[in-house]
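Values quoted throughout were computed directly from the atomic coordinates according to the rules given, and no laboratory measurement underlies them. Fair warning: this is a prediction, and the values are worked out from it, not measured in the lab.
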Amino acid sequence: MKATKRKILIVVAVSVVALAVIASSLAYYYQPVRGTGYASSTDVLLGENVEFDFSPTQGIGPYEYLWAFGDGTYSHEKNPTHAYEGPGTYKAFVNVQDAAGKHCAWFTDIIVRLPPPSQPMVFIDDVSYPSTFSNPSGDSYFDLYVDGKLKISHSSTLGVTLEPGTNPELHIWFYWYAGDGYYVYHGDFLGHLAVPSIQTDLHCVLHCDPQADPKFWLIPL
């Protein structure tokens with residue numbers, strides 16, 4: 001009986017020593033998790049997919065992944081695919097944890113650009129006042145409506161974009177300065193503009209003349 005107990009104790013002691021040797025060896029040879037990250041492209045158009053991946057070269061598997069794409073969305077996949085919903089520069093990163101609880105991270109910037117327009121555009125950079133509506137004693141201004149929507153007012157920056165080949169309804173309200181901070185209504189004109197179908201982008205001035213027919217036309221800059 002005593003011999004049996006002695007054998008058991010010897011086996012246990014040898015096992016403990018062996019486990020200690022194995023653990024110390026693993027501790028000696030263990031390297032913290034490291035690896036290489038990948039993005040299929042770091043400069044994409046809006047809506048295009050970006051493929052991400054991270055390949056561990058150190059550490060002990062299995063690995064856990066937490067991807068943050070820089071736009072408030074996340075993924076726990078090893079190699080997720082993501083499409084951004086707005087233009088800008090996003091800092092995407094992944095946090096990787098191995099079975100030993102060690103971490104590493106990889107970062108990259110993703111530039112998302114707006115796609116080019118599907119067709120050329122017409123840009124109204126300014127509006128030409130009718131000479132009869134110029135007020136020699138003070139300032140004057142106008143409000144420009146395109147298809148019923150206010151696009152330019154006296155307090156906004158000039159600039160309207162029109163689709164080539166369209167026929168929008170234009171409505172211009174003219175005012176002139178009467179002094180003491182007051183503007184007086186001076187007249188308005190309603191009509192349509194035949195926007196030319198052009199091969200390249202066109203920057204122009206919108207001209208309005210109440211004596212002309214049509215009342216509105218574009219003057220290229």
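The Rg/Rh ratio of segment 35-113, with both radii computed over alpha carbons and Rh defined as the Kirkwood radius, is 1.00. In this structure the amide hydrogen of Gln58, modeled in the peptide plane, comes within under 5 Å of the amide hydrogens of Arg34, none closer than 5 places in sequence on its chain.
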